[in-house]
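Before any comments, here is the structure.
Bear in mind that the values in this text are calculations on the coordinates, not laboratory data. Nothing here was measured: the structure is a model prediction, and the numbers come from that model. Neighbour counts run over all protein chains shown; Cβ positions are idealised from the backbone, glycine included.
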Amino acid sequence: MIVDRLQAVRDRITTACAASGRDPAGVRLLAVSKTFGPDAVMAAIAGGQRAFGENYIQEGVEKILTVRESLAGLSASISSHASPFEWHCIGPIQSNKTRLVAAHFDWVQSVDRLKIAQRLNEQRPAHLPPLQICLQVNIDGGPTKAGVAPDEAPALAAEVAQLPRLQLRGLMSIPEPAPDFVATCAVHQRARDLFDHINAAGVLPQPMDTLSIGMTADLEAAIHAGSTMVRVGTAIFGKR
Ligand SMILES: *Cc1c(COP(=O)(O)O)cnc(C)c1O
């Protein structure tokens, strides 16, 4: 079931890439497992999925630990420390949760202010590689208000890029649903333009490589606009 739906999502990505003249290898799939249990994650792992996204910190950390234990029981190689599994924090982060996030996640895509980035930088354990970071941008001024304003994003990117225990990888956004494909492409294009603008501004030691846009409902439009990572929950795990 989950394996079949995972394959269907991969097929959607391949088709969307073909329609935009893009190489499917340039679009990663993040499986958003929020609200689903470790069993659902294990089923996706059996289907070859390796990168998972979680919104709620406590729930995410418990799942990470449970899945790691299950994998350890399966095979020594798959549970080795250099495992290719990746956990992405994609939900809002309060200051009092940064320590948990820094200790357990590999990526954080929802950084929208310097204070949170600084705490993650200070709290990232020394034995782990730098935390991979995307800035969440409020690209359409949506009512959730999460995300840095687009005109403040270049300065925040420059500051985050200086923090030694973080590695700035890109931008993430969650625009409000638009009425049709063309309008959805247009809003995603704004994220793409901002991404290109920051990379071209010469304020980063190295260019960002990750544009995290597109979910179950709009991944085709996001890929058209240049997404390098789609975050898909419903189409893989079912309705929440
Ligand atoms: C829940 C969520 C997703 C996945 O949404 P679906 O519509 O279920 O694919 C992607 N990104 C973020 C930040 C989310 O919170």
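The table that follows gives values for the structure above.
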| item | result |
| --- | --- |
| Residue count for the stretch 133-151, restricted to those that are out of contact with any helix residue (DSSP H, G or I) (no Cβ under 8 Å at 6 or more places or on another chain) and surrounded by 14 or more Cβ atoms within 10 Å (Cβ to Cβ) | 5 |
| Top-ranked residue in the stretch 198-226 [being in contact with a helix residue (DSSP H, G or I) (Cβ under 7 Å, 6 or more places away or on another chain) and under 20 Å from Gln167 (Cβ atoms); ranked as nearest to the ligand (Cβ to nearest atom)] | Ile213 |
| Which listed residue is free of Cβ contacts under 8 Å to residues at least 60 places away in the same chain, within 19 Å of Arg192 (Cβ to Cβ) and not aromatic (Phe, Trp, Tyr), from Leu120, Leu163, Leu168, Leu128 | Leu168 |
| Residue match in the stretch 56-65 (condition: touching a Leu at 6+ places or on another chain (Cβ under 8 Å), more than 18 Å from Lys239 (Cα to Cα) and in contact (Cβ under 8 Å) with a residue 60 or more places away in the chain) | no |
| Residues being farther than 22 Å from Trp107 by Cα and surrounded by fewer than 22 Cβ atoms within 10 Å (Cβ to Cβ) - total across the stretch 204-219 | 1 |
| Thr35 vs. criteria in contact with a helix residue (DSSP H, G or I) (Cβ under 6 Å, 6 or more places away or on another chain) and among the hydroxyl-bearing types (Ser, Thr, Tyr) | no |
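Residues checked against (1) more than 14 Å from the chain's Cα centre (by Cα); (2) at negative phi; (3) buried (at least 20 other Cβ atoms within 10 Å of the Cβ):
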position: Glu59; (1), (2), (3): yes, yes, no
position: Thr66; (1), (2), (3): yes, yes, no
position: Ala72; (1), (2), (3): yes, yes, no
position: Phe85; (1), (2), (3): no, yes, no
position: Cys89; (1), (2), (3): no, yes, yes
position: Val111; (1), (2), (3): no, yes, yes
position: Arg124; (1), (2), (3): yes, yes, yes
position: His127; (1), (2), (3): yes, yes, no
position: Ala153; (1), (2), (3): yes, yes, yes
